[in-house]
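Enquirer: Take a look at this one; I'll ask things after.
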Amino acid sequence: MVRIGNILFHYRNFLFPVFYLLLFVPSPRVFENIYIPLIAGFAIALTGQLIRVATIGLVYIIRGGKDRQIYAEGLVTEGIFTHCRNPLYVGNILVIIGLGIMSNSMFFVCLMIPLFLFFYQAIVRAEENFLRNKFGAEYDAYTAKTNRWVPNLKGISTTLSSMEFNWKRVMIKEYNTTYIWLTGAVLLVVKVLYEQKGWAVVQQSIQIFVVLLLLLLSGYLFVRFMKKTKRWVAG
């Protein structure tokens with residue numbers, strides 16, 4: 001599992017966008033009522049995003065590795081990491097599960113989501129192996145009191161109130177991810193409406209979809225401009 005995780009970590013920037021594209025592959029439906037997957041899926045994805053926002057707003061951990069290899073300068077145990085060892089990954093998983101449900105795709109829900117979960121489990125095992133080798137007893141003590149996946153919400157209000165929340169860091173670090181999944185969510189609504197209601201129904205709301213996509217693009221470009229010109233810095 002560790003070896004597989006190291007390989008997946010190395011190529012994850014190429015592999016994971018494929019999952020987003022597979023959301024749009026034609027497939028048998030999971031639900032006949034289109035509003036159930038759209039509402040439930042978006043709520044799950046939004047929960048994942050909020051977990052990422054809370055995590056990054058309190059303390060940021062570099063998950064990109066170094067030279068596409070697993071790497072860490074220090075062991076981060078503050079903020080949301082006090083309650084869960086992998087809160088950013090939990091957020092990612094909820095986002096992809098939510099989008100998968102929104103797609104109303106039997107193919108994605110039954111095949112791609114389990115595969116996505118396997119990929120993340122392998123990556124986390126590889127990261128744990130690296131962290132245990134580097135930090136030893138300190139990491140063992142952390143894992144003994146902190147869950148790998150399921151957040152322990154005990155004391156979460158104290159964590160949130162005792163630390164300064166950095167909104168600029170959230171905007172700078174999350175604008176790209178947020179833009180991608182929200183744009184995907186809008187396009188999935190169009191897809192589901194088209195597949196189950198027909199093009200005539202899509203045309204009735206096409207202006208709303210175009211406005212939403214333009215607003216998302218404008219927000220993305222604005223934050224990108226503020227970041228590139230260093231008017232906003234992560235801090």
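Enquirer: Short version: ³J(HN,Hα) in whole Hz for each residue of segment 127-144, in order, from phi by Karplus 6.51 cos²θ - 1.76 cosθ + 1.60 (θ = phi - 60°), x for Gly and Pro, what are they?
Expert: 5, 4, 4, 5, 5, 5, 5, 8, 10, x, 4, 4, 6, 4, 5, 5, 5, 5
Enquirer: In deg cm²/dmol, rounded to 500, what helix-only [θ] at 222 nm does the chain give when every DSSP H run of at least 4 residues adds -39500 (n - 2.57) and the total is split over its residues?
Expert: Details: 9 runs with 161 residues, N = 235.
Calculated from helices alone, the mean residue ellipticity at 222 nm is -23000 deg cm²/dmol.
Enquirer: Keeping all protein chains in place and using 1.4 angstrom, which order do ILE208, ILE4 fall into by accessible surface area, from largest down? Don't skip to the answer; put the middle values down first.
Expert: Numbers: ILE208 105, ILE4 75 Å².
These residues rank, largest area first, as ILE208, ILE4.
Enquirer: Could you derive backbone 3J(HN,Hα) for segment 99-111 from the dihedral phi with the Karplus parameters 6.51, -1.76 and 1.60 (θ = phi - 60°), listing whole Hz in sequence and x where the residue is Gly or Pro?
Expert: So the J values, rounded to whole Hz, are 5, x, 5, 4, 5, 6, 9, 4, 4, 6, 5, 8, 10.
Enquirer: Taking 7 Å along the Cα-to-C-beta vector as the label spot, tell me the VAL2-LYS197 distance in nanometres, rounded to one decimal.
Expert: Result: 5.2 nm between the two label points.
Enquirer: Using a 1.4 Å probe on the protein heavy atoms only, what accessible surface does LEU21 show? Give it in Å² to the nearest 10.
Expert: For LEU21, solvent-accessible area is about 130 Å².
Enquirer: Kirkwood Rh, Cα Rg: Rg to Rh for segment 22-127?
Expert: On the way: Rg = 15.8 Å, Rh = 15.1 Å.
Taking Rh as the inverse mean 1/r over Cα pairs, Rg/Rh reads 1.05.
Enquirer: Continuing with the same structure: Among VAL109, VAL192, VAL150, which one moves the most in a GNM of the chain with springs linking Cα atoms closer than 10 Å?
Expert: VAL150
Enquirer: Pulled fully out, how much extra length does the chain show between ASN152 and ASP67, if you take 0.36 nm times their separation in residues and subtract their Cα-Cα distance? Please report the intermediate quantities before stating the final value.
Expert: Working: separation 85, 0.36 × 85 = 30.60 nm, distance 3.27 nm.
Between ASN152 and ASP67, full extension yields an extra 27.3 nm.
Enquirer: Residues with amide H under 5 Å of SER105's amide H, sequence separation 5 or more or different chain, H placed in the peptide plane at 1.01 Å from N; which?
Expert: Answer set, sorted by chain and number: VAL30.
Enquirer: Let me ask something else. Between segment 90-129 and segment 1-36, what's the alpha-carbon centroid distance in Å?
Expert: For segment 90-129 versus segment 1-36, the Cα centre distance is 7 Å.
Enquirer: Karplus couplings for segment 205-219 from phi (6.51 cos²θ - 1.76 cosθ + 1.60, θ = phi - 60°), rounded to Hz, Gly and Pro as x?
Expert: Those phi angles translate into 10, 4, 5, 5, 5, 5, 4, 4, 5, 5, 5, 5, 5, 5, x Hz.
Enquirer: Would you work out the relative contact order for the chain, in percent, from Cα pairs under 8 angstrom that are 6 or more residues apart?
Expert: Numbers: 269 pairs, mean separation 66.1, N = 235.
The value is 28 percent.
The values are calculated or read from the model by the stated rules, or taken from the named source; none is laboratory data. Remember, predicted model here, so these are calculated numbers, not experimental data. Don't worry about glycine lacking a Cβ; one is built from the backbone with ideal geometry, like all the others, and counts go over all protein chains shown. To get the accessible areas, we keep the full protein, side chains included, count just its heavy atoms, and leave off ligands, DNA and RNA. Shrake-Rupley method; radii C 1.70, N 1.55, O 1.52, S 1.80 Å.
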